[in-house]
1. I need the shape label for chain C. Rule: rounded when a/c is under 1.5, else prolate if a/b > b/c, else oblate, with a, b, c from the alpha carbon gyration tensor.
2. Please report, in debye to the nearest 20, how large the charge dipole of the stretch B:122-234 is about its Cα centre when each Lys and Arg carries +1 at its beta carbon and each Asp and Glu carries -1 there.
3. Based on Cβ point charges of +1 for Lys and Arg and -1 for Asp and Glu, what charge dipole magnitude is obtained for chain C about its Cα centre, in debye rounded to the nearest 20?
4. Grab the beta carbon distance between residue C:116 and residue C:53, set R0 = 25 Å, and tell me the FRET efficiency rounded to 0.05.
5. Give me the one-decimal nm value for the distance between modelled label points at residue C:609 and residue C:28, 7 Å along each residue's Cα-to-Cβ direction.
6. Can you compute the label reach from residue B:285? Point 7 Å from Cα along the Cβ direction, backbone N cut-off under 16 Å, restricted to the stretch B:327-344.
7. In percent, what relative contact order does the stretch C:6-203 have, based on Cα pairs under 8 Å that are 6 or more apart in sequence?
8. At what distance in nm do the modelled label points of residue B:73 and residue C:378 sit from each other, each positioned 7 Å from its Cα along Cα→Cβ?
Amino acid sequence: MMKSLLIEASKCTGCLQCEMACSYENEGVFNPARSRIKVFTFHSEGRFVPYTCTQCEDAWCMQACPVDAIVINAQTGSKDVLEDICVGCKVCTIACPFGTVNYNQDSGKVIKCDLCGGDPQCVAACPTAAITYVDADATGLSRMRDWAAKTDNAAAPH
Amino acid sequence: MQHVIIGAGPAGVIAAETLRKLAPRSDIALISDEPEPPYSRMAIPYYLVDHIAEVGTYLRKRDHWYADQRIELVNDRVASIDAHGHSLGLSSGHSRGYDRLLIATGSSAIKPPIEGVNLPGVHNCWTLEDARHIIERAQPDSSVILMGAGFIGCIILEALASRGVKLTVIEMEDRMVPRMMNDRSGGLIKKWCEAKGVEVLTSTRVNGISEDGHGRLGVNLGMGDTRPADLVIAATGVKPNTSFLSGSGIEVDGGVVVDHRLRTSAPDVYAAGDVARGKDFSTRSFTVQAIQPTAVEHGRVAATNMVNGLEIVHQGCLNMNVLDTMGLVSSSFGDWEGVDGGDCAELFDGDRYRYINLQFEDDVLVGANTLGMTQHIGILRGLIQTRVRLGASGKRALMANPLNITEAYLKATQGTTSSM
Amino acid sequence: MAWTKKILRVNLTDGTCVPEPLNMQWAAEYLGQRGLATRYLVEEVDPRCDALSPENKMIMATGPLTGTMASTGGRYSVITKSPLTGAVACSNSGGFIGAELKNAGWDMIIFEGKSAEPVYLFIENERAELLPAGDLWGKSVWEADEMIHKKHQDPQIRIAAVGRSAESGCLYAAIINDLHRAAGRSGVGTVMASKNLKAVAVRGTRGVGNIKDPARFMQATTEQKKVLADNAVTGQGLPTYGTQVLMNVINELGALPTRNMREVQFEGAHKISGEAMHEPRKSDGKANLTTNAGCFACTIACGRISTVDRGHFSVENKPEYWGNSGGLEYEAAWAMGTDTGVDDLDAVTYVNFLCNEDGIDPITFGATVAAAMELYKDGAITKQDTGGVELEFGSAKALVWAAEVTCKGEGFGKILGLGSKRMCEKYGRPELSMTVKGQEFPAYDPRGIQGMGLTYATSNRGACHLRSYTVSSEVLGIPEKTDPLVTEGKAGLVKAFQDATAAVDSSGLCIFTTFAWSLENIAPQIDAACEGDWTPERLLEAGERIWNLERDFNMNAGLTAADDNLPRRLLEEPANTGPAEGKVSGLPEMLPEYYNLRGWTNDGKVTSELRSRFNLPG
């Protein structure tokens, strides 16, 4: 059974431990600006929403990549960027309808969540269990998948 | 079942892979007239700047990928199509039958109809071969004139500049990337390039190109203004590769005419990618988009429809682009010029090269331009293409601050309701 | 390491922003943030200068753990000479801008001089520039925040700003960052505005690295986060109720100063308590509290995010206040509620919003309104002064009016903006100001919690609970329970808390961790991050060094032992109800012992022995 990230925004306090854990794991420094997970703050609503790649099946990023730099991780099902192959053309950053592939101007490559190879550090760092790593079926990911499907030109009913 | 695909660009390769997945037992052939393995034009600028080797431009990197997928790569050129007989005539003299055919021959760069465009030293920047010519001529301190400041012209600017050439860009229209960015953002890109030492002449025409007998070119801008150049790059546009279709009976009008299933006028013949006049998501009309994501989308949709028993109706591709002009990242989506009776939200900071423009129809986002933004811009695609209704408060929030696109998306899709 | 070893010197007179290396010798002695910035202040500022003159400097400083994954590692402090007290001002704030500054590559910013025109500082990693702020001047913090975000088209920019109160000279103006976190006390915002500096806007994308032993650091911080999570206060009490968990507790204890400290228990306390913030309102069924919120890296998350009832008189025609914003913490609820006798949760929450919107210290503001209410009661202030407003104890309407005029610096708000000391002097009743060194008390009555009397009297920044929070011991039993009603042993307790707190305040961590952590828990995290060997003993020594340095600054500024005092009311008017009934503060019994323990002279001066032991300047 593949696992995926379950995000329960109502538990999030906006502390950004996840962003630091992510950037530390991937960049070796504490740097929220380079985190693959991002917490959005809805100030007037008093709401914090962690947000990252859902590893969607359609993987627009992977399909759009012109140089085969995004591949499926067979163990986790994540879509991983191969940094030495990515040329930095950014097509994936506009192709992903969730906006969860982002360009890093410093490295000239794109970055996205790769589930830390199956041990997501954001999950380990979250103090309130707002982010957990659970069996994919339990995540209610379907809502995001529905959204992905809507972006699919081809899949509309006929 | 014999599936034959003409053209080994992204549309062709994705189609071949999709066919393999959906029709495991069929035969699939991919015919390409370029000698290299299937490669990506998107990667050429990075090859020019030496970030990658030639192999880095290849669409698929895994060894024996096509063989493993049982995709036959045929290096030949299709000279003619006999649509009734379901057969192709090849330049090599062979012919080849098909049950289903996909035309994915892409497009070619054109040269403007001016004197001297075929002189040695005048090149397009479209194929790997073009790139090799450019690398050869673009030596440090040489003078390079780039005709056309469209997407291709802009994206190779950095590569050229980094080779240490003296660079002049000449654009007929009044701004850079006129088909992707509006005047405010296009103007900023020009300012950015000039600040980086590139001479940019907009609203300027090249009358002709001459050669001084020693290999040195002269680019005549009229009014007695002739610029010397060691290399002239023509990046003035592309046209679909349809000439081989004449006489086939397959209807061509600007590009190969297709329907909602990407079928051409001939039975069992489909078209995809730059060559196809497919449906545009925003305008709902049929047009050649010639962009990478559309090629991929077309390849997938056409291939699915080529398989017996499967059928999907294409809703139209969103026209979108992302462009890196010497480090300044810009993007465009859909109806960035706006729609009648729609609303526009805009933020402009000329000093910091930042710009965002959102176009709404009612409470639906229909188009956008950004400049200097690299984070979460894909959400613009999501918002536009799902035609999600933002609601009065969601739209108001974006009108007040167009930067809050992720917040708008999360609100619209995750049930975060406004307290206002 | 963990320090970026780089400071930014901003000369507002010349309009220059110049990087310079951090003095690592001082960093080894003073760690960072509070201690290190004070060392720079002592070096560079004449303690006798006018706090609002260009000669004063203002330092925004992070600690070595700011911007790291250590829990609560997002703090920064503002150090300057206070216009309210004339002593050193040192205000600590959370939110996100401290970490952002560190991420941009800076340990601290030293502001000096005064700009001819309003400006704001914009930092984007190594680039720093002063930009015109003519359009921001006259705007609230919230308006300025939005304008700057829009101008730079980057929602991720973190902003600290001053509001209209600071511009109009309110002596206890705060610097507000991230909309509702405050470097709140002692008028640091007033100093900032006096330099024509409206805001500091920071975007940092470089990251915080330079961790001495990353593996050990990750292990230590992970372990210590677990300690916080498992502790009843930091793991349950603070996340659930915030600091407001204390309102009912302190009231029970008879140590809740009420109506300008005339009483020690408030009959309306439960209506404005942490528990009340959870109760559904009759009008819309929603609770005052929407959620708790964490500052950068904080795994406690005591922050309150609240709304005001839309039908409440304070906001009924003001939809701009209907959304969520920073809610009440205990000190604010006490000062603006209990101390004024107002038990209207919505009114106090709204006034708290105003304090954030325009940047004033809610403790000093509330206590000043309380003093004004007593002056009104005694007839020293009349309706003529207030323009017809009846400034009665318990009047929510009066409180709301007072906040609105003070935040905007209009009319009687100018008088309230002086703080209670100057206001009470102005009306001839100096004894009604509940202040030490000109700064108002917070929410613990020294008659019911004796250690806090000595805490207030000896605090280097004027009355303050955060310099030695003996409430931990005297009320909560942390690290061990002491009797709040006795004075014995409190001098040593206060000194120990003062020194430890000074070290924590210099690290980048939040003092609230110390409900669960001692220096034994903190030292391993600092030691794994910072070069040098950081033991609990060395931290405590750094804390004592800092305390003496601050004391020296104050004495050189002209303060004396006579300023280590409490208002007469607390020394002479006994608590009238509750467990402390009949008690006054026993400060006179504790102070000489405290001087003695400090090793100071009888007149409270730092000796040359101490100076040499701690390598203090001068």
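1. rounded
2. With Lys and Arg at +1 and Asp and Glu at -1, about 280 debye.
3. Approximately 760 debye in magnitude.
4. 0.95
5. 2.6 nm
6. B:334-340
7. Reported as a whole number, the value is 23 percent.
8. 9.5 nm
Just so you know, all these numbers are worked out from the coordinates, no wet-lab data involved. Just so it is clear, the model here is predicted, and its values are computed rather than measured. Neighbour counts run over all protein chains shown; Cβ positions are idealised from the backbone, glycine included.
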